[in-house]
1. Given the condition under 26 Å from Arg417 (Cβ atoms), crowded, with 17+ Cβ neighbours inside 10 Å and out of contact with any strand residue (DSSP E or B) (no Cβ under 7 Å at 6 or more places or on another chain), answer yes or no: does some residue in the range 364-386 qualify?
2. Go through (1) closer than 20 Å to Leu145 by Cβ; (2) assigned to a loop (DSSP other than H, G, I, E, B) one by one and return the number of the condition Ala27 breaks.
3. Given Val422, Val431, Val411, Val397, which one is open to solvent by 40 Å² or more (accessible area, probe 1.4 Å), β-branched (Val, Ile, Thr) and modelled with pLDDT of 95 or more?
4. Looking for something open to solvent by 10 Å² or more (accessible area, probe 1.4 Å), within 14 Å of the ligand (Cβ to nearest atom) and either modelled with pLDDT of 95 or more or of a type in the set (Phe, Trp, Tyr) (or both) - is there at least one such residue anywhere in the range 185-206?
5. In the range 336-375, what residues are within 20 Å of Asp404 (Cβ to Cβ) and part of a helix (DSSP H, G or I)?
6. Based on this model, can you work out whether Ile311 counts as β-branched (Val, Ile, Thr) and touching an Asp or Glu at 6+ places or on another chain (Cβ under 9 Å)?
7. Out of (1) touching a helix residue (DSSP H, G or I) at 6+ places or on another chain (Cβ under 7 Å); (2) on the phi < 0 side of the Ramachandran plot, the odd one out for Gly351 is which?
8. Where in the range 377-493 are the strands (runs of 3 or more DSSP E), entirely inside, with at least 3 residues that are without any contact (Cβ under 8 Å) to a residue 12 or more places away in the chain and either within 17 Å of the chain's Cα centre (by Cα) or under 30 Å from Gln280 (Cβ atoms) (or both)?
Amino acid sequence: MRKINLFIGGEYRSPSTERYFQVINPATKDIVAEVAEANEQDVELAVQNALHAFTNTEWAHDRQLRFDVLNRLSSLLRANLDELTELESVITGRPIREMKAQLLRLPEWYEYFASVLKTMENSSPPFSGSYVNYTQRLPLGVVGLITPWNHPLLILTKKLAPALAGGNAVVIKPSENAPVTPSILGDLAKQAGVPNGILNIVQGFGTVAGKALSTHPALEKIDVTGGTETGRHIASAAGFNLAKVAAELGGKASVLILPDANMEEAVNGSAFAAFIATGQTCVQGSRIFVHESQYEVFVEKLVEKTKSLTIGDPSSLETDIGPVISERQYRRILDYIQIGIEEGATVACGGEPFEGNGFFIQPTIFTNVRNDMRVAQEEIFGPVTCIIKYTSIEELVKQANGTDMGLAMSVWSNNIRLAHQVVNQLEAGIVWINDHHRIDPSSPWGGFKSSGIGLENSIQCFNDYTKLRNVIVNISTEPFDWFDGSQQVKRYS
Ligand code: NDP
């Protein structure tokens, strides 16, 4: 059993509450860690340390230092990937094969944002008159990062790498369900040379530590990934404090199988979209649209594929589906399955818990689903997907867009023209053609509609972790005196 402390000012410390909460392995319900529970006082200490380090170290001013540190952090992550992967699989219940694939890519984020920092150029916008005019890109100051449990290190990394590259000091509040691997980042960052106080971690509960952080008036930006309601609370607080905000929120991703799609690829792609991470991803393919001409065959094949998935021990390389994260999620997902049945949808496979001590639920497919049913509209965040029939492309687009969410969608087709015509009509921030879930540090990630505001990844995200100063230099040799009594209109060009 691990004991996890807060990380403030470059060292691990016990919380002022002296209280620790337990984190369990969702596959076995064994307690795996006791984690410090931060309160308002601990958050205050972390923010003060961050402010002090931001003002009193070279971090904010020294690009080369940050470039070197980010690259060292990337190497340290690579050297520690095996331990982090095993641990994250135990804490989240994610199958080890998935976890390896995900964490192997983490170092890329630090390398990418180090390169952006190194190659970034400031602009010199055109300016009328005898002036030299240029911009400076500056760090924001102290930023708060609030993260969920489903991809603990990946989502934190997507925020942390650009925040550090931008020269900011950070205070991190990881999820109460999965705070263990984020905590290890404190040590790795210190080894990499991040100055004490530039990176702080306060574990605890959203309603206490999360709230204290997101409402703190010293923060220049708050970046959250979580549910849409959480995002609204945090964005309201940021609005009050006139802090920047980025919010990556809930999803209800549509998978659009066009009539010409290759059936095998569409089935395999849909299973991947729906059931990777046991369906606990914001871009889960939870609404699969299939043309009426292919509907019966598609349902039969997707059910067959789903029944072939191996449910069980996340540490086994053979496992495809692990448990869901917690008892709360387990009950919520089973409730949604009941809601779907009561709404008149048909359980084509799954629909039940799976044997074992942990929070296992069989991957579940609903057919006979109407787009207005709750199971087709609300984020379930578990291994449950709906197959919905369509008759025309026009109807398909209308149904796919027919949700409050707008995070991601995938289109499956070999008809390049039709696929792009469809993509151009979709209301989603991320669209894949013949793929799903694929991500890259250089490629913008963010939702439309109620799925959030702001972006992760890409140069735009780096820019969002900075602020611009405009420097306007008058190089004219003309005498400067507006009040020279000449009555001339000056400064007109
Ligand atoms: P939550 O919204 O419950 O929590 C997210 C984080 O916010 C946690 O650290 C949580 O703390 C904290 N928090 C909760 N309430 C508050 C509050 N009032 N003030 C400040 N902080 C608060 O999300 P989950 O952890 O359950 O994650 C699942 C959600 O995340 C899904 O809706 C999913 O779609 C979304 N998500 C979005 C992604 C995207 O890229 N758009 C990617 C991945 C997930 P605590 O853990 O203690 O509750």
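1. No, the range 364-386 has no match at all.
2. Result: Ala27 fails condition (1) only.
3. Exactly one residue qualifies, and that residue is Val431.
4. Yes: one or more hits.
5. Of everything in the range 336-375, those that are within 20 Å of Asp404 (Cβ to Cβ) and part of a helix (DSSP H, G or I) turn out to be Tyr336, Ile339, Gly340, Glu343, Arg374, Val375.
6. On the way: β-branched (Val, Ile, Thr): yes; touching an Asp or Glu at 6+ places or on another chain (Cβ under 9 Å): yes.
Criteria met by Ile311.
7. Of everything listed in (1) touching a helix residue (DSSP H, G or I) at 6+ places or on another chain (Cβ under 7 Å); (2) on the phi < 0 side of the Ramachandran plot, Gly351 misses just condition (2).
8. none
The values are calculated or read from the model by the stated rules, or taken from the named source; none is laboratory data. Just so it is clear, the model here is predicted, and its values are computed rather than measured. Note that we place each Cβ from the backbone using ideal geometry, even for glycine, and neighbour counts take in every protein chain shown. Surface areas here come from the heavy atoms of the whole protein model, side chains and all, with no ligands, DNA or RNA. Shrake-Rupley method; radii C 1.70, N 1.55, O 1.52, S 1.80 Å.
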